[in-house]
1. Check Phe191, Phe169 and return the single one that is farther than 26 Å from Glu212 by Cα, outside the structural domain of Ala83 (by TED's automatic domain parsing) and not aliphatic (A, V, I, L, M).
2. Ile165 versus (1) touching a Gly at 6+ places or on another chain (Cβ under 9 Å); (2) of a type in the set (Val, Ile, Thr); (3) under 29 Å from Ser39 (Cα atoms): which is the lone unmet condition?
3. Filter the stretch 70-94 down to residues that are exposed (fewer than 14 other Cβ atoms within 10 Å of the Cβ) and part of a strand (DSSP E or B) and give me whichever is nearest to the chain's Cα centre (by Cα).
4. If I ask for residues that are surrounded by 14 or more Cβ atoms within 10 Å (Cβ to Cβ), out of contact with any Gly (no Cβ under 7 Å at 6 or more places or on another chain) and part of a loop (DSSP other than H, G, I, E, B), which ones from the stretch 30-50 would you list?
5. Condition check: surrounded by fewer than 13 Cβ atoms within 10 Å (Cβ to Cβ), without any contact (Cβ under 8 Å) to a residue 12 or more places away in the chain and more than 26 Å from Val51 (Cα to Cα). Does Pro197 satisfy that?
6. Could you say whether any residue in the stretch 155-171 is surrounded by 17 or more Cβ atoms within 10 Å (Cβ to Cβ), modelled with pLDDT under 95 and touching a Lys or Arg at 6+ places or on another chain (Cβ under 8 Å)?
7. Restricting attention to the stretch 108-131, does a residue exist that is surrounded by fewer than 13 Cβ atoms within 10 Å (Cβ to Cβ), more than 28 Å from Asn154 (Cα to Cα) and assigned by TED's automatic domain parsing to the domain that holds Ala40?
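The values are calculated or read from the model by the stated rules, or taken from the named source; none is laboratory data. This structure is a prediction, so every number in the text was calculated from the model and none was measured. Ideal geometry is used to build each Cβ from the backbone, glycine not excepted, and the neighbour counts take in all protein chains shown.
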Amino acid sequence: MKYILILFVCFIGLFTACNKATLQQYIAGDGVYFYSIDSANYSFANQVGLVEKDTVFVKMRVLGDVKDFDRAFQLKAVKGTTAKENIHYILPKISIKSNTNTIEYPVVLLNAPDLKTNTLRLELEVLENESFPQGSGIINNGLTYSMFKINFSNRLLKPTYWNNIQSYFGEYSDVKYKFMIDETGFSDFSFQVFNDPELINFKGLLNVALQEYVKVNGPLLDENQKPISFPN
């Protein structure tokens with residue numbers, strides 16, 4: 001019985017210590033963490049027309065108590081970043097509003113000339129301040145993240161699903177894909193987004209748009225100097 005009692009007391013002590021250790025990550029100071037996803041890919045080439053800058057909104061949550069006042073908040077670029085501040089990106093200083101614990105942080109991407117030939121990387125963490133001394137003070141667990149990564153460029157990449165839609169739009173080329181984006185306002189033509197009748201409708205619209213282009217400008221040539229066409 002004496003040994004059982006000793007073991008029970010040790011177990012209670014260990015349980016209490018574990019609870020204290022768990023609580024410490026919350027009482028050590030407020031922080032902000034990324035949630036839902038930990039990365040994003042972006043291309044200016046996938047946007048309609050010429051875009052000089054665009055914003056990627058990153059979902060974030062507060063670690064700690066909700067406050068009844070606004071709190072200043074900003075992200076910072078960390079090791080692993082290949083992009084340059086104020087040339088390729090801007091990280092504005094914003095506020096988490098009172099009585100809220102979520103925010104979408106606006107990462108501003110700038111369409112610099114070198115993005116035509118390079119894919120750059122932006123690795124982000126929370127900039128520690130008086131309101132959030134822990135910064136990104138949370139351990140990655142598959143749902144919450146201490147870092148967020150953005151890969152961005154101004155280059156078109158052949159969609160992985162193109163073989164599935166080739167019967168609608170023909171052989172792939174960067175020029176054709178950009179024409180499709182500009183004329184339709186969409187960049188994802190996969191079956192996850194559009195069904196068969198919708199893709200057939202797009203094919204007809206693109207054929208008409210291409211005919212109008214050719215009347216004014218002559219043949220639309222792809223990157224290999226071949227005339228662009230769509231199946232009838």
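1. Phe191
2. (1)
3. Out of the qualifying residues, it is Glu85.
4. Asp38, Gln47 - these are the residues of the stretch 30-50 that are surrounded by 14 or more Cβ atoms within 10 Å (Cβ to Cβ), out of contact with any Gly (no Cβ under 7 Å at 6 or more places or on another chain) and part of a loop (DSSP other than H, G, I, E, B).
5. Details: surrounded by fewer than 13 Cβ atoms within 10 Å (Cβ to Cβ): yes; without any contact (Cβ under 8 Å) to a residue 12 or more places away in the chain: yes; more than 26 Å from Val51 (Cα to Cα): yes.
Yes; evaluated as a whole, the condition is true for this residue.
6. yes
7. Yes, the conditions are met somewhere in the stretch 108-131.
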